[in-house]
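Some notes on the structure that comes next.
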Amino acid sequence: MESINRRNFMKTVAGSAAFAAVEGGPARAAASGPIFLSTWVHGKPANEKAAEVFKSGSSLLDAVEKGINVPESDPSVTSVGYGGLPNAEGVVELDAAIMDGARHRAGSVCNLHMIKNPISVARLVMEKTRHTTLAGEGAFQFALKMGFEPQTLLTPESVQKWQDWRASPKRQTFWLTPENHDTIGMVALDGKGHVVSGCSTSGLAWKIPGRVGDSPLVGCGVYADDNVGAASATGDGDLMTNYCTSISIVHHMMHGATPQEACMDLLKHMVKTDAKNRDAEVGVIAINTRGEIGAASMNSRFHLKYALWRGGESTLTDSVMLV
Ligand code: SD4
């Protein structure tokens, strides 16, 4: 309660932009026009595509979906879609979710095989069914019904990496290394108070078949609410799922935090509950309906770069680290 009061006081006295400057984060005062904020280097072309789609008159949901399709379809991005690294059995299992802040509705798919654009399937789960999440074979059959073409998602490079992993006596099992995961998370604002959150990943390389990470779970990998803002996450989904990362950040914002403060609050809470989380691989992004943004990483081991498209400018920046 005390911190909320302090925030309200700071907002009244100094305004949110000044407060954000005290925190040292990337938040800014009210923006005009649409904003696209995404995780990692591959978020930059994703944002640029999203901005192009939105400027052509399509909806914000279309923009986020088509933006995320870019890294999904790019075989050089080995953590998302086609070319994503496979599970321990050599099968690519994709997770994705999208959430519409206006309707408070989401669609998601888990463990989807052989369909390179899971965010588009997730979108159709939201638009065409009363369900929120479809998994595995059911998600695949749904995608076929919706007209998606099945294809192999393995590339010669990903097969080679999987074979090298399997042949290595010291291989890492079911754990993260900076080279084997990245994920695209995107949050977007239309400039008029409407937000969308999307996330798509091949999950952890060499994961146990059937494992579901945070990315397709509403409240974890995505959350969007037009009353507040939106958030998304990248990193160790087995850990982050226990913190319901995205909804936690949005709720921090709902209680008065700027997006940057909300991202930092989540990371601080993770360390408070377990000091070992200082070493965890966690990156988060957030936006509020006024166009202020936040991006943060737990530590330098997994230092999130965030891509930002705003006012025709497309940039890539290091996020603030907690530790
Ligand atoms: C997962 N959170 O499946 C995803 C992976 C990721 O950066 O985001 N890596 O756990």
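The values are calculated or read from the model by the stated rules, or taken from the named source; none is laboratory data. No experiment lies behind these values; they were computed from the predicted model shown. Heads up, the Cβs are rebuilt from the backbone with ideal geometry, glycines too, and the neighbour counts pull from every protein chain shown. The protein model used for the area step is the full one, side chains on, heavy atoms only, and it has no ligands, DNA or RNA in it. Shrake-Rupley method; radii C 1.70, N 1.55, O 1.52, S 1.80 Å.
Remark: the chain carries 39 Å² of accessible area per residue (probe radius 1.4 Å; ligands, DNA and RNA excluded).
Between ASP274 and ALA102, the C-beta separation translates, for a Förster distance of 45 Å, into a calculated FRET efficiency of about 0.80. Compared with the dominant principal axis of the Cα atoms in the chain, helix 259-273 is inclined by about 70°.
Computed per residue of the chain from DSSP H runs no shorter than four, each worth -39500 (n - 2.57), the mean residue ellipticity at 222 nm is -10500 deg cm²/dmol.
For region 277-323 versus region 218-267, the inter-centroid distance based on Cα atoms is 12 Å.
Taking the chain as a Gaussian network, Cα atoms linked when under 10 Å apart, which of ALA233, ALA286, ALA167 shows the biggest mean-square fluctuation? Between ALA233, ALA286, ALA167, it is ALA167 that shows the largest mean-square fluctuation.
Taking a straight line from the alpha carbon of LYS305, these aspartates and glutamates sit under 12 Å away, with near neighbours fewer than eight places off in the same chain left out: ASP182, ASP318.
Nearest 10 degrees, 0 to 90: what angle lies between the long axis of helix 118-128 and the longest principal axis of the chain (Cα atoms)? So the helix axis and the longest Cα principal axis differ by about 70 degrees.
Of ASP182, ASP62, ASP164, the residue with the greatest mean-square motion in the GNM of the chain, using alpha carbon springs below 10 Å, is ASP164.
Under 19 Å of direct C-alpha separation, and excluding same-chain neighbours fewer than eight residues apart, LYS207 reaches these lysines: LYS116, LYS161, LYS170. Remark: region 227-238, residue by residue, has Karplus-estimated 3J(HN,Hα) of 7, 9, x, 9, 8, 8, 8, 9, x, 6, x, 5 Hz, where x stands for each Gly or Pro and the curve is 6.51 cos²θ - 1.76 cosθ + 1.60 at θ = phi - 60°.
Angle check, please: helix 43-55 long axis (alpha carbons) against the longest principal axis of the chain (alpha carbons), in degrees 0 to 90, nearest 10. Rounded to the nearest ten degrees, it is 70. The residue among GLY235, GLY57, HIS251 whose Cα reaches farthest toward the positive pole of the charge dipole of the chain, with charges on the beta-carbon of Lys, Arg, Asp and Glu, is HIS251. Where the only charges are on Cβ atoms (+1 Lys, Arg; -1 Asp, Glu), what is the dipole of the chain about its Cα centre, to the nearest 20 debye? Its charge dipole is roughly 320 debye.
Do you know the relative contact order of the chain, to the nearest whole percent, from alpha carbon pairs under 8 angstrom that are 6+ apart? Before the final figure, lay out the partial values.
Details: 866 pairs, mean separation 73.5, N = 323.
Relative contact order, the chain: 23 percent.
For region 284-323, averaging the sequence separation of C-alpha pairs within contact (under 8 Å, six or more residues apart) and dividing by the residue count gives a relative contact order of 37 percent. As a fraction of the 1.4 Å probe accessible area of the chain, surface on carbon and sulfur atoms comes out at 54 percent.
Would you list, by chain and number, the lysines whose Cα falls below 19 Å from the Cα of LYS268, excluding same-chain residues fewer than 8 positions away? Hits, sequence-local ones excluded: LYS276.
At an R0 of 22 angstrom, the distance between the Cβ atoms of GLN151 and ILE208 translates into a FRET efficiency of 0.35. Projecting the Cα atoms of CYS263, VAL41, GLY84 onto the charge dipole of the chain, computed from C-beta unit charges around the Cα centre, puts CYS263 farthest toward the positive end.
Taking trypsin sites (Lys or Arg not before Pro) as exposed when their DSSP state is a loop state and no more than 16 other Cβ atoms lie within 10 Å, the longest site-free interval of the chain runs over 193-323. Extending 7 Å from the Cα toward the beta-carbon at both SER56 and THR173 defines two label points whose distance is 4.7 nm.
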